[in-house]
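Quick notes on the structure that follows.
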Amino acid sequence: MNDHQIEQEIQAKGLTAPRITPADIEAAIASEHYFTAADGWRAQRGEPPAAGIVLPLPAGLEPLGLLTFCVLVLRNGFTVTGESACASPENFDAEVGRKIARQNAVAKIWPLMGYELRTKLAAQEKEAAYIAAAVKVESRIARINQGDRSAAFTDDDLVYAAQSRCTCGAGLAYPKDSSPSGSWHCSDILTYRAATADRAEAKPHDRPFPFSVYSIKSENQPSAHGATTRPQPAS
Ligand SMILES: [Zn+2]
């Protein structure tokens, strides 16, 4: 089964998620070059075959003429090589030798492009997971603000500020999965320690402080030297 037959089977089975196709492989090839080991031997001795006079190979070196190389230069500047050796001199055919050498070179492109695609997909998956987590955090904060106690975070879910506090006295904090577009919030609101009535009237709380506007030191920064506004368990 060759690459094109495999491609047909993949399409027939509807396996169309991102993948490398034979067309992608061909598109990645900028140029292709062929020569035999005999060509190399002659060139090394300053006897280019292009001169029109191709000297016969010395006795014992005839097999050099049966070994064909294919060099594929890829669009990104990388190169791959393929070889084709021939056991019986009477079977040697230059055209067939080149085809086989090319096939062997192409076979080396598949894992390279597969690796490249996998890296790209992994980055996209990470980005998608990151965005999904950030959206989840934002919707949870929205629920808390609407009075849904079941959406409350625990202190373990939060990163606390080293020193900055809400007007109410509670430390500022943000949920661990927050995105760079997130904000610092009053921890008593995120954890629901502040009762609904509290938030509305009795105790005023600061509005959220977006990361993009406010630079607030967190308890995790080395320069905080261990300072935190995290509520400490009563000793
Ligand atoms: Zn507060």
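Brief remarks follow.
- Selection within the stretch 28-41: residues that are in contact (Cβ under 8 Å) with a residue 40 or more places away in the chain and loosely packed, with under 14 Cβ neighbours inside 10 Å. The member of this set that is farthest from THR119 (Cα to Cα) is HIS33.
- Residue satisfying condition, being crowded, with 18+ Cβ neighbours inside 10 Å and farther than 18 Å from VAL213 by Cα, within set ALA133, ALA152, ALA128, ALA170: ALA170
- Among the residues making up the stretch 215-231, those that are among the small types (Gly, Ala, Ser) and surrounded by fewer than 10 Cβ atoms within 10 Å (Cβ to Cβ) are SER215, SER223, GLY226.
- Checklist (1) away from the ligand (no atom under 16 Å from the Cβ); (2) not assigned by TED's automatic domain parsing to the domain that holds ILE20 applied to LYS120, failing item: (2)
- Residues of the stretch 100-115 satisfying the condition of being surrounded by 13 or more Cβ atoms within 10 Å (Cβ to Cβ) and not aliphatic (A, V, I, L, M): ARG102, GLN103, ASN104, LYS108, TRP110
- Matching option when the condition is at pLDDT 90 or above, part of a helix (DSSP H, G or I) and within 27 Å of the chain's Cα centre (by Cα), among ALA38, ALA30, ALA23: ALA23
- Being at positive phi and within 11 Å of the ligand (Cβ to nearest atom) is a property that GLY226 lacks.
- Within the stretch 124-180, the set of residues being within 16 Å of the ligand (Cβ to nearest atom) and assigned to a helix (DSSP H, G or I) comprises ILE141, ILE144, ASN145, ASP155.
- Scan of the stretch 217-226 for residues that are within 10 Å of TYR160 (Cα to Cα) and part of a loop (DSSP other than H, G, I, E, B), ordered by number: LYS217, GLU219, ASN220
The values are calculated or read from the model by the stated rules, or taken from the named source; none is laboratory data. All of these numbers come straight from a predicted model, not from anything done at the bench. Neighbour counts are summed over all protein chains in view; Cβ atoms, including those assigned to glycine, are modelled from backbone coordinates with ideal geometry.
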